[in-house]
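Report on the following structure.
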Amino acid sequence: MFDPKEHPHRRYNPLNREWVLVSPHRTKRPWHGQMEASKADDRLAYDPGCYLCPGNSRAGGVANPEYTSTFVFQNDFAALLQNRVAAPPGGDDLFRIEPVSGICRVICFSPRHDLTVAEMSVGEIRPVVDCWADQSAELNAEPGIAYVQIFENRGEMMGCSNPHPHCQIWASSVVPNEVVKEDAAQREYFETHGRALLSDYLHRELASGERIVDVNDQFAALVPYWATWPFEVMIVSRRAVFGIEDLDDAGRDGLAAILKSVTTRYDNLFQISFPYSFGFHQRPARAPGEGWRLHGHFYPPLLRSATVRKFLVGYEMLAMPQRDITAESAAARLRELPEVHYRHTGSRI
Ligand code: H2U
Ligand code: ZN
């Protein structure tokens, strides 16, 4: 008898239409503790050497204002440039080339150098949500912008250059690869079923509860059935919202609350500031949006302790992604963790 808790199998990701290999037999042994001693965190609220702190100078010599909430600036080392050099797509079947233009910005979440999303209050995260929504609306309205990607690299393990809480926005004249896949999958699902793919998926997940990490009126957090990373989490709007700027007041509060919940659980898992890449996926700027559902992906690299990370190498580079612990057991662990941050005494909840 096939038992998905024991036997190797593959699971289908309907959002990107790829398969992931699951090998649950490799983690039959339970692991207890192996809790790394949490590193003493002696970061200061203000770091005179940080290029994101209020009042400090950035590359090129521009000084940041004495900001008190969020702060947005043009990336000084932007990967995309706004002035398109006019040229049609060129080349042939074997050598294709197209110009790409766009706008890259950096958003500081807080003037406090020592905070992270996990250690900010829901009330402090809410202005960040508003900033994302405003930026997304503004950039989607720019002529020549096809997609607005908001993402955060958290932690040195993810290549983040600075611990000051911040994220990036890259708005591009092309729809990037991952979004092209999700756009096609959601559009075609909508054409076939007349309902949004993630709406149907979320109903099934909420009914089963097995992979749910947390839920509020507006958003659900879950380990997707097809998760690749050990503690991958997806947050999904429970309302028919295509993009982040479409969130109403309650939706924004709900998003702030679910982000606080997920990041706090992450930090509590190994009692460290948990590294991840996070980003939203939303309707492309010039797409109808029908079939789309605003969601975010957390991709954290850690496996079973603060130092043991998962690499996507070997078989995964050459064949397909693979995981050991099942999505269900990862969800259960995250669900059972306390919602209060391990470093908090109760003053900052
Ligand atoms: P990450 O830590 O996620 O890499 O983001 C930092 C970004 O900040 C990075 O894209 C930009 C880098 O280009 N940056 C500036 O715009 N100005 C600076 O003075 C330093 C870094
Ligand atoms: Zn700083």
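Assorted remarks:
- Of Pro111, Pro275, Pro143, the residue with the greatest mean-square motion in the GNM of the chain, using alpha carbon springs below 10 Å, is Pro143.
- Counting charges near Tyr276 (Lys, Arg +1; Asp, Glu -1) among other residues having Cβ under 11 Å from its Cβ returns a value of -2.
- Normalised size of the stretch 39-344, defined as Cα radius of gyration per 2.2 N^0.38 Å with N residues, equals 1.01.
- Partnerless Cys - the chain, beta-carbon criterion under 4.7 Å: Cys104, Cys108, Cys131, Cys160, Cys167
- Within the stretch 192-248, the proportion of Cα pairs with more than 16 Å between them is 44 percent.
- FRET efficiency, Ser69 to Met1 (Cβ-Cβ, R0 56 Å, nearest 0.05): 0.50
- DSSP finds beta bridges in the chain, and of those with both partners inside it, around 95 percent are antiparallel.
- From helices alone, the chain scores -8000 deg cm²/dmol at 222 nm; the rule is -39500 (n - 2.57) for each run of n ≥ 4 DSSP H residues, then divide by the residue total.
- When peptides 258-268, 114-124 are sorted by average Cβ neighbour count within 10 Å, with the highest value leading, the order is 258-268, 114-124.
- 18 Å Cα-Cα reach of Lys260 towards aspartates and glutamates, excluding residues that sit fewer than 8 places from it in its own chain: Asp114, Glu119, Glu124, Asp130, Glu152, Asp214, Asp217, Glu232, Asp249, Glu336, Glu339
- ³J(HN,Hα) computed for each position of the stretch 67-72 - Karplus, 6.51 cos²θ - 1.76 cosθ + 1.60, integer Hz, glycine/proline x: 6, 10, 10, 8, 8, 10
- Residues whose amide H lies under 5 Å from that of Arg10, counting only those 5 or more places away or on a different chain, are Val22; hydrogens are built 1.01 Å from N in the peptide plane.
No lab work stands behind these numbers, since they all come straight from the coordinates. Everything numeric in this text was worked out from a predicted model, so none of it was measured. No Cβ is skipped: glycine too gets one built from the backbone with ideal geometry, and neighbour counts run over all protein chains shown.
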